[in-house]
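Just below is one structure, and these are the notes that go with it.
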Amino acid sequence: LPCLNSDRIFIVDVGSDPRAPKMAKVIEGDVLKRANVTAPHTTHCLPNGNVMISTMGDAEGNAKGEFIEFDKNFEFVGTWTKGETAKCGYDYWYQPLFNVMVASEWGAPKLFRRGWRDSDLDDPTQYGRRINFYKWNERELFQTIDLGDEGVCPLEIRFLHNPKENQGYVGSTLYSKVYRFYKDEKSDKYITEKVIDCPAKKVTGAGSEYINGMMTDILISLDDR
């Protein structure tokens, strides 16, 4: 259980007695800060039995997209990316069959922890608008797609359930858009297209004539349709 504010990670034992979960271990935030990462978010298991967690900041709370790895005993292994890291981080998912991992971007922990300000958008390096593609086996960032102003804060990454399909979707929060990403058949690059556009709603008494939706999550049906 990663914690955005404290940078702690709680390990809960649900295997010994499923009816009575218990705390097995607490990984303190100092472990992350020593590796110059903070704000852990998405947790996935890896084929080798290790656990990988995405992180969104550096030790000072500035935006930084990285991943940290723990072994089967939840001992810290190290950071995952080799070479260049992404400007921001948030969610991720991988498809080993296509040697690819896709990660999204939220923003700098020092900004979202103190609360949203419209002026935060003045610095595009601190609030994300990109999705990042990594070579899974090489652990290298090889492509970044900027979704533009409408794509600010792309959050949940959803590949299709069929592992033989090299495509998926991401929902962008601030302006409620959904983008499809898929592999270009003629190159090693990926392409995005906006497929859902939720328009702002006209309101009264809110200090603004229009208010955008806020898309926080998306789900794909099990049949991928």
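The values are calculated or read from the model by the stated rules, or taken from the named source; none is laboratory data. Fair warning: this is a prediction, and the values are worked out from it, not measured in the lab. Note: ideal-geometry Cβ built from the backbone for every residue, glycine included; neighbour counts use all protein chains shown.
Brief remarks on what is shown
Yes/no per residue for (1) acidic (D, E); (2) under 16 Å from the mean Cα position of the chain (by Cα):
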{"position": "R114", "(1), (2)": "no, no"}
{"position": "T125", "(1), (2)": "no, yes"}
{"position": "I131", "(1), (2)": "no, yes"}
{"position": "N137", "(1), (2)": "no, no"}
{"position": "L141", "(1), (2)": "no, yes"}
{"position": "D146", "(1), (2)": "yes, yes"}
{"position": "E156", "(1), (2)": "yes, yes"}
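- Identity of the residue in the stretch 187-215, more than 22 Å from the chain's Cα centre (by Cα) and of a type in the set (K, R), that ends up farthest from L141 (Cα to Cα): K202
- Any hit, the stretch 48-55, residues being within 27 Å of G171 (Cβ to Cβ) and not aliphatic (A, V, I, L, M): yes
- Flag for K64 being surrounded by 18 or more Cβ atoms within 10 Å (Cβ to Cβ), within 28 Å of D120 (Cβ to Cβ) and not acidic (D, E): yes
- For F70: the one exception among (1) under 17 Å from the mean Cα position of the chain (by Cα); (2) buried (at least 18 other Cβ atoms within 10 Å of the Cβ): (1)
- The strands (runs of 3 or more DSSP E) found entirely in the stretch 30-127 that carry 3 or more residues being polar (S, T, N, Q) are 38-45.
- Subset of the stretch 103-152 [free of Cβ contacts under 8 Å to residues at least 40 places away in the same chain and among the β-branched types (V, I, T)]: V152
- Evaluated against (1) without any contact (Cβ under 8 Å) to a residue 24 or more places away in the chain; (2) touching a Cys at 6+ places or on another chain (Cβ under 6 Å), R180 falls short on exactly one condition, (2).
- Scanning the stretch 4-41 for residues that are in contact with a Gly (Cβ under 9 Å, 6 or more places away or on another chain) and among the hydroxyl-bearing types (S, T, Y) yields S6, T38.
- W136, sole failed condition from (1) within 24 Å of T81 (Cα to Cα); (2) modelled with pLDDT of 95 or more; (3) out of contact with any helix residue (DSSP H, G or I) (no Cβ under 7 Å at 6 or more places or on another chain): (3)
- Close contacts from the stretch 20-31, counting a first residue that is surrounded by fewer than 14 Cβ atoms within 10 Å (Cβ to Cβ) and a second that is small (G, A, S) and not in a strand (DSSP E or B), with Cβ to Cβ under 8 Å and a gap of 6+ residues or different chains, come to K22/S16.
- When residues of the stretch 103-146 are limited to those that are aliphatic (A, V, I, L, M) and surrounded by fewer than 23 Cβ atoms within 10 Å (Cβ to Cβ), the one farthest from E69 (Cα to Cα): L121
- Unique residue being out of contact with any Asp or Glu (no Cβ under 9 Å at 6 or more places or on another chain), over 30 Å from S119 (Cβ atoms), modelled with pLDDT of 95 or more and acidic (D, E) when the list is D184, D188, D224, D146: D184
- Pairs, first farther than 16 Å from V12 by Cα in the stretch 37-51, second among the basic types (K, R) and assigned to a strand (DSSP E or B), C-beta under 7 Å, six or more apart: V37/K64
- Residues of the stretch 202-222 classified as over 16 Å from Y175 (Cβ atoms) and touching a residue at least 40 places away in the same chain (Cβ under 8 Å), total: 3
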